[in-house]
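The values are calculated or read from the model by the stated rules, or taken from the named source; none is laboratory data. On a predicted model such as this, the values are computed, not experimentally measured, just so you know. Note: ideal-geometry Cβ built from the backbone for every residue, glycine included; neighbour counts use all protein chains shown.
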């Protein structure tokens, strides 16, 4: 029988709440799934701690960006409704309640991990004391290394209230002078240069190593800083500020404007204040007043503040408490051509599946282009490149070799603005033509284009990716790199670069679709074709793998497909505003999320094209874009078709199908409640990450496949 909500939905699909989930609440649900991995007994202990720290960092970013945006709307009296019909104030109220739940869950996960780690000789200490030798070591460390960089400051009319930086941690002390009983409040801010945790080495303890948060050390040894005073109360606090960047569209100097905006971000409005549960009441009242909290969210905890900082403990050198190290394969296809990337690509298209296959092949592609005298031009987009980028080094080398090099550097890549400004300066000094793209659109496409003189003419080699050119994230994000020398792709790449650098809008493309020009329309055409197939009685299926689905028009189109009889399977790691499995609305739609050792990041679209999936007739695309309004409306993105048979099969019958079959890392979304539940094994557990780590890809293996047996995946009856 249908529940009351389902009956209401079956008759009232015009209600926003009945049709869509709230974006912010869906994101918080995603972070709950990340947090759940911290309590997954199948993972090594330090990996569980890593998931806990990631969940904490995610929560920080959510507060600094998403909550900050809603607070700004409330402050400006904006009444724009969310996709599910909620005002900014209503959303903030719901978020506050959910954050308290997640905060409690985070502290419970840490308390579960503490004794387990202690059993392995890794002690994370809070207010509890260490053993005698460790205490002596900590006291001396405090005097030698911490006291010299601390600046206690009295909080009174004679002293201006000190500025607390974004993500800044400090302690307040309520003091009483022993001599005359006068009272004083002192603030001690923890400088960002100090480590978040102090590590007591094993030789100075009775059992393993000890980690103590620096702020706890300050509280513990505060009497050494305040001789002549009695400490009547204390408390540790942490501040999160609005970190979104707004840039004037009419800015004359974009680089100068961004540098100013970054400075403004550091002084943004306080969005969240974290406090000890035992925070001194008098000091708390003063702190609230001086910070001018307004709509800020205040949370108190009996546990650790700033849980994201636990990443420092994860760095402990205990390989037996971490995942077994994985070394990516280098594509045999390229090695068969003596490492010549251009020869391998010229032979036929290649798809590289990261991190199972090394990102080094992408770097080698650019390094070879820089060193090859036949290469005349390189064009490259850069969204996030990291702080040690071999891609940047290759572009500089090419420019110094007198090649024509163009780099599209996106200054609006959130939290990478400063690093990208630095890279832009270095590239320009080397002679690279640096373009910042559009002021009101982000250039999010991942693309390289190399023009090489060959056989009396020029040949263009292209790389299209679903992920960033970042040396660190490519080791943990699952992404796809597509290499081709197909002239049609080369012409499309040239059109796209001309659009970005010269605002010359292409009148048409031969292969790829581009947002915000026609990417959405291309996807709509394929969805409509599947709807027509279903109505004609032909097989009709759509498989999609993206990170987020929030765009109303796309959701409605998928609802239309479901109602026409199209079977839709969505693998969405993060936010999903679509309600699956609602009678009369989305009966034929299933949504699953995969959270595991690697971060699912690739974007893939597959359309049955009149035949069941998977099949040779299917139309396959990879993309840099998620199904979000910002990607489809305000970003430059690519949608790239895969037509080579081997590449087509690899992405459809390996990558996508393995994601659908996964049971060990998968969660299913309940369209009524918005809750996710772990997929239950039916006796045949399958882990897609383990499958890719132990089985070779198709297009990158070349002749090596003749001596390899790759287990063929088959779709189970009834789907997932």
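For the reader, a short list of remarks on this structure follows.
- Residues that are over 32 Å from the mean Cα position of the chain (by Cα) and over 17 Å from residue 147 (Cα atoms), drawn from region 201-220: 201, 202, 203, 204, 205, 206, 207, 208
- Residues of region 621-635 that are surrounded by 24 or more Cβ atoms within 10 Å (Cβ to Cβ), assigned to a strand (DSSP E or B) and modelled with pLDDT of 95 or more: 622, 623, 627.
- Only one of the listed residues (467, 431) is buried (at least 21 other Cβ atoms within 10 Å of the Cβ), modelled with pLDDT of 85 or more and within 18 Å of residue 390 (Cα to Cα). That residue is 467.
- Odd one out for residue 621, checked against (1) in contact with a helix residue (DSSP H, G or I) (Cβ under 6 Å, 6 or more places away or on another chain); (2) within 22 Å of residue 482 (Cα to Cα): (1)
- Residue 160 satisfies every condition listed in (1) under 20 Å from residue 287 (Cα atoms); (2) part of a helix (DSSP H, G or I); (3) without any contact (Cβ under 8 Å) to a residue 12 or more places away in the chain except (2).
- Selected residue (criterion: nearest to residue 674 (Cα to Cα)) from residues of region 66-90 that are in contact (Cβ under 8 Å) with a residue 60 or more places away in the chain and part of a helix (DSSP H, G or I): 67
- Sole residue being closer than 23 Å to residue 513 by Cβ, more than 22 Å from the chain's Cα centre (by Cα) and surrounded by fewer than 23 Cβ atoms within 10 Å (Cβ to Cβ), chosen from 612, 641, 696: 641
- Filter result (surrounded by 19 or more Cβ atoms within 10 Å (Cβ to Cβ) and in contact with a strand residue (DSSP E or B) (Cβ under 6 Å, 6 or more places away or on another chain)) within region 663-693: 665, 666, 667, 669, 676, 679
- Pair list, Cβ under 7 Å, 6 or more apart: region 392-420 residue under 11 Å from residue 371 (Cα atoms), other residue at pLDDT 95 or above and surrounded by fewer than 16 Cβ atoms within 10 Å (Cβ to Cβ): 403/376
- Wholly enclosed helices (runs of 4 or more DSSP H) of region 290-359 bearing at least 3 residues under 21 Å from the mean Cα position of the chain (by Cα): 311-314
- The residues of region 221-246 that are assigned to a helix (DSSP H, G or I) and out of contact with any strand residue (DSSP E or B) (no Cβ under 8 Å at 6 or more places or on another chain) amount to a single one, 224.
- Among (1) at pLDDT 95 or above; (2) crowded, with 17+ Cβ neighbours inside 10 Å, the one test that residue 108 misses: (2)
- Comparison of 334, 298, 324, 313 shows that the only residue that is under 30 Å from residue 202 (Cα atoms) and either touching a strand residue (DSSP E or B) at 6+ places or on another chain (Cβ under 9 Å) or in the same structural domain as residue 200 (by TED's automatic domain parsing) (or both) is 313.
- Matching residues, region 498-542, being in a strand (DSSP E or B) and closer than 22 Å to residue 630 by Cα: 513, 514, 515
- Residue in region 220-236 that is within 13 Å of residue 166 (Cβ to Cβ) and either at pLDDT 95 or above or in the same structural domain as residue 132 (by TED's automatic domain parsing) (or both) present: no
- Qualifying residue in region 524-539 (condition: within 21 Å of residue 600 (Cβ to Cβ) and modelled with pLDDT of 95 or more): no
- Given (1) touching a residue at least 40 places away in the same chain (Cβ under 8 Å); (2) not assigned by TED's automatic domain parsing to the domain that holds residue 411, number of the condition residue 563 does not satisfy: (1)
- Looking at 501, 478, 460, just one residue is modelled with pLDDT of 90 or more, within 24 Å of residue 698 (Cβ to Cβ) and outside the structural domain of residue 697 (by TED's automatic domain parsing), and that residue is 478.
- Scanning region 63-70 turns up at least one residue that is outside the structural domain of residue 597 (by TED's automatic domain parsing), surrounded by fewer than 18 Cβ atoms within 10 Å (Cβ to Cβ) and under 24 Å from the mean Cα position of the chain (by Cα).
- No other residue among 522, 579 is touching a strand residue (DSSP E or B) at 6+ places or on another chain (Cβ under 8 Å), surrounded by fewer than 23 Cβ atoms within 10 Å (Cβ to Cβ), touching a residue at least 40 places away in the same chain (Cβ under 8 Å) and outside the structural domain of residue 486 (by TED's automatic domain parsing) apart from 522.
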